[in-house]
Amino acid sequence: MSMTHSRIRRLSQLFIVGMALAVSGCGATPPASFRANLVEATKQRLTPDQEKQVATILEAMFGTPDRPCVLPETGLDVAKLRLAAGPVRSDIVGRKNGLYREHCAHCHGITGDGLGPTAAFLNPYPRDYRPGVFKFKSTERADKPTHDDLVRILHNGIPGTSMPSFALLSETQVDALAEYVKYLAMRGETELALMRAFFELDDADQGKLPETREFLVGETLAVVADRWKAAADAAIPVPQMPADIDLAASIAKGRELFYGDKANCVKCHGPTALGDGQANDYDDWNKPIVEWKKELAGTEDRAWASRATGVLAGDALTPRTIPPRNLRHGIYRGGRRPLDLYYRIHAGINGAPMPAAKGTIAPEDIWHIVNYVRSLPYELDGELGVDRPMVARDRF
Amino acid sequence: MSTSRVNWTHLVACLLVAVTAVLLCFGALVTTYEAAMAVPDWPATYGHNMFLFPMAQWLGGPWDLFLEHGHRLLGAVVGLLSLLVAGVVWRTGQRPAVRSLAVAAVLLVVVQGLLGGARVLLDDKTIAKVHACTGPLFFAVAIAIATLTRRAGPGLVAQPRDALLMPPQPRAVAATVGAAALVIAAYVQLVAGAQLRHLDAGIDPLTFRWLIGFHVVGAIVVAALVGLLAWVNGGTASVARRWSWLLAAVVVGQIGLGCAAWVVSWGLPSGLLPESWRLSEAIQARSMTGAAVVTGHVVLGMLILGGAVVLWLVSGGLRDPRTVRSGRVPAVRREGAFA
């Protein structure tokens, strides 16, 4: 055989190596499955049998990623869920299924745990839906977002983050995705509730959750679902901004409040509003991990600590602090409408250290702060020796 | 046939390369728009014979259907062209290397078609990954056939006959070995890219981090090899020099497209950049710009592989070094590149 032939043979071998690389670690792609909340399971010191029981109950209640099902108590629309769930495919009229896996799962994960493949690279991390906590909404801090809130976020995206706008999708598709996000959140909340319920078992239960409709639906699922249903009627009442408002006076008043003790925005957003105040806090997704790590460092149960450390390495991202927003960028993650800023100030940001001004600041004063905040990207700050708008990049 | 003024073998091979390039663009778009399952059956299209599927429904139907069915039709055309190339190669008595490549092309196109069918019938992403790796390989083979069937072939043929009888110079050896390494690196990059493009949402962030790291290191290796080849071939007035510089320019563009592909998918890497660099607008999912950037990155990757194959061949790849060192003139002297 000539050298040329032997080279072609080597090329063929290279092809085989390439194919081996392509399929490395894979057989046929396994069907998609929901990932258990191992962080919570380990925290609650659940046994493998208990973890299995939770998984079985959840599958009976919510189905699988390829075939979701829900009980009527959730109030979710199965037709919408089926449009969003499952593998990506479309039919002869172009109707696409598997929207969540096409658009969301690579960041938010199949389970909605914020642990999709790309998650570690993104800052901020993608939202973990499982605690059922959402930041940008038109409801009070502790309430769930309305369906329209989720649709708005999907439509507009979140500027300054990796969350894109899905404005190019049809209304039906965005609607289905919002429904699926609620489904994943309810599933995650139910899972948390079930895992925490083991703590309340008595000896007669023999370490097993009661598998009765009363407990599973009445005391667990319905509690979660009712809070979601209540969101529709929990919109924050917003007084109209006075039409004849003197904007300059309003901004001055807002500035006074911003630096005053009552609103005390300056504490976190800093005297320059560049977000350089207190900056070592964590949000509600990262804080439990930080605290648990501290607990593990101090525990004497080394075997459990070792297991927990392994779980954290595989099922949690490295905690990051949440810097207060730099208000001179003019980038408002929850929406740039004055109304959106009103919601943020009134109710605070659920899951983040941003507190609610409700009860402390009068509604008309909240409008003044809104006007001041909106003026910040364009403010001339003589005190800092700057005779032009002090934009954030002046820091660098 | 060898005395014919028109080099039909080369022309048909070039046609195969051109149609394959369009096919690869369609394939890349199918992945970008996740349109692979727009047609649930195979080899039929919604119950129709693939070739008899109503044209109006194809061209006037949904975008996903247009892409997927178009990809299938182009695949069929490429299959037929591969058979034609094999026939012409045999008929014109090309040298064994070209004949082997023609056979490889036919085998690959058949395998690729079956993989495409299996991907649809089993709806399996692993098969999709393999399908995405076989496509560029077929393209590389088609380009090799087109290069080797040039009548006034590139590379050695432009050199004096004595050059063939001289022992290879260290620089020439470096050029050949470097080009071969570039072919391998460019292909491995496409394999890694296929893993990223057909991302299984079930994999964990750590695995993805490894994949990204591998792809970035691969890009550095490809860039370094292209730079090395531009330097090695820089002092000569050969075809290799032109291909080296062309590849260097394309690789620079490819790195830019790779960065842009990240930005249109996930925004600026805000953890690595100052906060003031954040985009003030949310990125737009499924935008034309995003699709063009991401698809362009894949297509340019395949063109780099094709260019690397040409560079390897014009730098002496597939030349028998024993023949050259022993002073024997290569045996086949018909229409091949070394005629």
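Table for the structure above
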| item | result |
| --- | --- |
| Residue ID - nearest to the other protein chains (Cβ to nearest Cβ), chosen from residues in segment A:135-167 that are within 21 Å of A:A85 (Cβ to Cβ) and surrounded by fewer than 21 Cβ atoms within 10 Å (Cβ to Cβ) | A:H155 |
| Selected residue (only one of A:A105, A:A120 is at the interface with chain B (Cβ under 7 Å from one of its Cβ atoms) and without any contact (Cβ under 8 Å) to a residue 12 or more places away in the chain) | A:A105 |
| Flag for B:V264 being modelled with pLDDT under 95, of a type in the set (A, V, I, L, M) and closer than 30 Å to A:P31 by Cα | yes |
| Residue match in segment A:13-23 (condition: in a loop (DSSP other than H, G, I, E, B), among the β-branched types (V, I, T), modelled with pLDDT under 80 and surrounded by fewer than 18 Cβ atoms within 10 Å (Cβ to Cβ)) | yes |
| Residue that is nearest to A:E219 (Cα to Cα) [pool: residues in segment A:51-89 that are without any contact (Cβ under 8 Å) to a residue 12 or more places away in the chain and of a type in the set (K, R)] | A:K52 |
| Condition met for B:V222 (part of a helix (DSSP H, G or I), surrounded by fewer than 17 Cβ atoms within 10 Å (Cβ to Cβ) and modelled with pLDDT of 95 or more) | no |
| Exclusive hit being within 17 Å of the chain's Cα centre (by Cα) and modelled with pLDDT of 95 or more, set B:G87, B:G117, B:G79 | B:G79 |
| Selection within segment A:214-246 - exposed (fewer than 11 other Cβ atoms within 10 Å of the Cβ) and in a helix (DSSP H, G or I) | A:E214, A:D233 |
| Test: B:V191 is of a type in the set (V, I, T), part of a helix (DSSP H, G or I) and farther than 23 Å from B:R119 by Cβ | no |
| Any chance A:S138 is in contact with a Phe, Trp or Tyr (Cβ under 6 Å, 6 or more places away or on another chain) and at pLDDT below 95 | no |
| Members of segment A:45-56 found to be assigned to a loop (DSSP other than H, G, I, E, B) and either within 12 Å of chain B (Cβ to nearest Cβ) or crowded, with 16+ Cβ neighbours inside 10 Å (or both), listed by number | A:L46 |
| Filter result for B:I203 (at the interface with chain A (Cβ under 7 Å from one of its Cβ atoms), modelled with pLDDT of 95 or more and surrounded by fewer than 23 Cβ atoms within 10 Å (Cβ to Cβ)) | no |
| Looking only at segment B:33-59, and only at residues there that are part of a helix (DSSP H, G or I) and within 11 Å of another protein chain (Cβ to nearest Cβ), the one that is nearest to the chain's Cα centre (by Cα) | B:A36 |
| Options B:V85, B:V89, B:V30, B:V78: the member that is buried (at least 21 other Cβ atoms within 10 Å of the Cβ) and in contact with a Lys or Arg (Cβ under 9 Å, 6 or more places away or on another chain) | B:V89 |
| B:S280 vs. criteria within 14 Å of another protein chain (Cβ to nearest Cβ), in a helix (DSSP H, G or I) and at pLDDT below 95 | no |
| Checking A:K182 against (1) within 29 Å of A:A357 (Cα to Cα); (2) within 14 Å of another protein chain (Cβ to nearest Cβ), the condition it does not meet | (2) |
| Selection within segment A:330-352 - touching a helix residue (DSSP H, G or I) at 6+ places or on another chain (Cβ under 8 Å), more than 24 Å from B:G267 (Cα to Cα) and not aliphatic (A, V, I, L, M) | A:P338, A:Y342, A:H346 |
| Residue in segment B:73-96 that is facing chain A (nearest Cβ under 9 Å) and out of contact with any strand residue (DSSP E or B) (no Cβ under 6 Å at 6 or more places or on another chain) present | yes |
| Members of segment A:25-68 that are among the aliphatic types (A, V, I, L, M) and within 20 Å of B:D200 (Cα to Cα) | A:A28, A:A32, A:A36 |
| Test: residue in segment A:169-176 that is more than 14 Å from chain B (Cβ to nearest Cβ), surrounded by fewer than 20 Cβ atoms within 10 Å (Cβ to Cβ) and free of Cβ contacts under 8 Å to residues at least 40 places away in the same chain | yes |
| Residues of segment A:309-350 satisfying the condition of being more than 14 Å from chain B (Cβ to nearest Cβ) and either farther than 22 Å from A:E140 by Cα or surrounded by fewer than 20 Cβ atoms within 10 Å (Cβ to Cβ) (or both) | A:T309, A:R337, A:P338, A:L339, A:G348 |
| Candidate set from segment A:374-396 (those that are closer than 15 Å to A:A248 by Cβ and part of a helix (DSSP H, G or I)); member that is modelled with the lowest pLDDT | A:Y378 |
| Search result, residues across segment A:249-302 that are away from every other protein chain (no Cβ under 14 Å), assigned to a loop (DSSP other than H, G, I, E, B), of a type outside the set (D, E) and more than 25 Å from the chain's Cα centre (by Cα) | A:G260, A:K262, A:A263, A:N264, A:P271, A:T299 |
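The values are calculated or read from the model by the stated rules, or taken from the named source; none is laboratory data. None of the values given here were measured: they were computed from a predicted structure. So basically every Cβ, Gly included, is an ideal-geometry build from the backbone, and we count neighbours across all protein chains shown.
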